[in-house]
Amino acid sequence: MMKSRWYVIAAGIGLGALLFSSCSRWFKPAAPKLAVVIVVDQMRYDYLVRFAGLFSGGFGKLLREGAVFTNAHHDHANTETAPGHATLLTGSHPSHHGIIGNNFYEPQIGRQVYCVDDSNFAVVKSDDKEAMNSPSPGGKSPHKLRRSTLGDWLKAKNPAAKVISIAGKDRSAILMAGFEAEAAYWFDASSGGFISSRYYLDALPEWAAQWNAARHAGRYYGKAWEKSHQEKDYFVSREDFFSAEGDGEHTTFPHEFATDEAASTNAIDRRFYEWLANTPFADALTLEFAQQAVQAEQLGADGTPDLLLIGLSATDLIGHDFGPLSQESENNLLRLDAELAKFFAFLEATVGLKNCVIALSADHGVLPLPEELRRRGFESARILYDEAFEEVKGVMREMQQEWRTNRRFLRAFGADIVLDFRVADSLGLSPAAFRSRVAAKLRTLSFVSDVFTRDELQATDGATCEFLEKQRHSFYPDRSTDLVLQLKPYYLVSEKSQGTTHGSPYEYDTHVPMIFWGERIKPGRIDSSHKTVDLAPTLAYLLHLDLSSLKSQKEGRGAVEYGVDGEVLKMVIKE
Ligand SMILES: [Zn+2]
């Protein structure tokens, strides 16, 4: 009875519950001065196993001294970058935080929108002289996010706390940051610097503008991406030349920026910065910029806990091009291991590592190249977009003949299908019956394992299979379409004949690292199964944020809720 009564009071007083809970801090170990969350984009869990013997830097330290979850998974089906980052920092599934894809359908406008686009908040660059006119087509904000983040919870309790997010990609930086952060910064391929949004700032702070003015990215001009380490260390990866990598030709080290093909007279231009973003050098720059942020913003310098969010995006771009079993992916991870060691040494010298808690995870994994899987005996296929599209059109033609209509009643946005119900009306079918009939036909597609209707995804009956539950966690009523296609395992629908991707509910896309490191963290391996929604609640607990009041709150900014789906992973915390 007491419990339910407190629940009601906590819900009633809302934010006050967060503030009230600070009274209990004197009975607990001190909160860390700085929490650092590192999200390595597209980092498969098995990298930690495959390269364990070679990790002597930052990954090595976390593996030796941290609490390492060996069986942590994203529990949603659409394993893309935006849902992954939002899930890690909101502690909620996409079905609650609303970011169900990098892009998602908006029925009101009848097309897809990008998850952080917001024309009301222009991008802020160093060279801005005057405020840009609103609306700004390139503007960005977190307004499509429907749940608050760890940073928002921290700021609600400690308004003096600083929250800074830095990533290679805008969606990673913004969706980790949430609503109340000082700023989210991301790499801008047109200038080679880090930029932000007017949502957070009117102008870049001086330290960031100065860092950009120093043109650090230009240091890498004329420098090739060479293979480091000895040849024998690459026995855990495949041969360097593999025709399904890269563009099919440039698949071997060293990788150089093709200056001779430069179309511009200004050699260090967008083309160079885009090349740079696809090398390990990009993450080295992100971590350098993060060091500037720690120093200039004095993160972790006082008794109020601060939060630093870092999104390392190069692993994703390299993985897309070369696949997870390439020497390029291995070399990138080995270089990142060394960069993380430098970053941790910097934290030790400034904040002191004993004052930090560090969490590391990934937004999703990735499928190995189908050509690699096939030679290993897997049933795997690369289906080109045009082939997939032709097959879908063929199935639609069959339905058109059967239903005696010429109307094109089906539009595909990737795996999301929008139906035109005028055909259903003429057949006298209810929308649900029409969806069910079309889904049954689409299940005959050669590359599809299942098709889910929004009726199935909206139902609240017990999930009958693993994938239905994951698909439900990727369903958001206002943004989900009529049908969702699920590819067969190890199948890839691809725009080109090389490279790979992610976005499925299968283990190769859901299984990610989840590591906690700090004074209050018990080192060791945890082999039981856990979900990535637990990362933010666990950090909230370490930062003395009261999760029970968060869970019960329904009030936030606009349509945003305070709430979490995950739990505190108490087994890793020293009490
Ligand atoms: Zn990603």
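The values are calculated or read from the model by the stated rules, or taken from the named source; none is laboratory data. A quick note: this is a predicted structure, and the numbers were derived from the prediction, not measured. Reconstructed Cβ throughout: ideal geometry from the backbone, glycine too, with neighbour counts over all protein chains shown. Protein only, heavy atoms only, side chains kept; ligands, DNA and RNA dropped before computing areas. Shrake-Rupley method; radii C 1.70, N 1.55, O 1.52, S 1.80 Å.
In sequence order, region 97-108 has phi-based couplings of 7, x, 8, 8, x, 4, 10, 8, 7, 10, x, 4 Hz under the Karplus curve 6.51 cos²θ - 1.76 cosθ + 1.60, θ = phi - 60°, and Gly or Pro positions carry x. Legend: distances between Cα atoms for 61/522; 354/522; 441/488; 169/488; 169/227; 342/531; pairs beyond 18 Å are 169/488; 169/227; 342/531. Backbone amide hydrogens, once placed in the peptide plane, bring residue 561 within less than 5 Å of 147, 148, excluding anything fewer than 5 places away on its chain. One Cα centroid belongs to region 139-215, the other to region 401-442; the line between them spans 42 Å.
Relative to the current alpha-carbon distance between residue 120 and residue 430, full extension at 0.36 nm per residue lengthens the span by 107.7 nm.
Between amide H atoms placed 1.01 Å from N, distances below 5 Å from residue 449 occur with 486, 487, 488, all of them 5 or more places distant or on a separate chain. Put simply, the amide H of residue 180, placed in the peptide plane, has neighbours under 5 Å in 152, leaving out anything fewer than 5 places away on its chain.
What number, in percent, do you get for the relative contact order of region 381-489 if the mean sequence gap of Cα pairs under 8 Å and at least 6 apart is divided by its residue count?
Details: 110 pairs, mean separation 31.3, N = 109.
This gives 29 percent for region 381-489.
Only protein heavy atoms count here; under a 1.4 Å probe, residue 465 has an accessible surface of about 60 Å².
The alpha-carbon atoms of region 381-489 define a convex hull whose volume equals 105 cubic angstrom per residue. The antiparallel fraction among DSSP beta bridges confined to the chain stands at about 50%.
Neighbours of residue 98 by Cβ distance under 11 Å: Lys/Arg scored +1, Asp/Glu scored -1, total +2. With contacts defined as alpha carbon pairs under 8 Å and 6 or more residues apart, what's the relative contact order of the chain in percent? Answer for the chain is 29 percent. With every protein chain in place and a 1.4 angstrom probe, the accessible-area ranking of 119, 329, largest first, reads 119, 329. Please label the shape of region 274-382 as rounded, prolate or oblate, based on the square roots a ≥ b ≥ c of the eigenvalues of the alpha-carbon gyration tensor (a/c under 1.5 means rounded; beyond that, a/b larger than b/c means prolate, else oblate). Taking the square roots of the gyration eigenvalues as a ≥ b ≥ c, region 274-382 is prolate. Counting only Cα atoms, the size of the chain along its three principal axes is 72, 70, 53 Å, in decreasing order.
For residue 125, a cut-off of 17 angstrom between C-alpha atoms picks up these aspartates and glutamates, skipping any fewer than 8 places away in its own chain: 117, 170, 182, 188, 202, 206, 269. Near residue 420, within a Cβ-to-Cβ distance under 14 Å, what is the net charge of the other residues, with Lys and Arg +1 and Asp and Glu -1? Combined, the nearby Lys, Arg, Asp and Glu give +4. Ranked by solvent-accessible area (1.4 Å probe, protein heavy atoms only, all chains present), the residues 225, 275 order from largest to smallest as 275, 225.
For the chain, the mean residue ellipticity at 222 nm estimated from helices alone is -10000 deg cm²/dmol, where every DSSP H run of n ≥ 4 contributes -39500 (n - 2.57) and the total is divided by all residues, rounded to the nearest 500.
Sequence-distant contacts, meaning Cα pairs under 8 Å at least 6 residues apart, place the relative contact order of region 328-453 at 13 percent.
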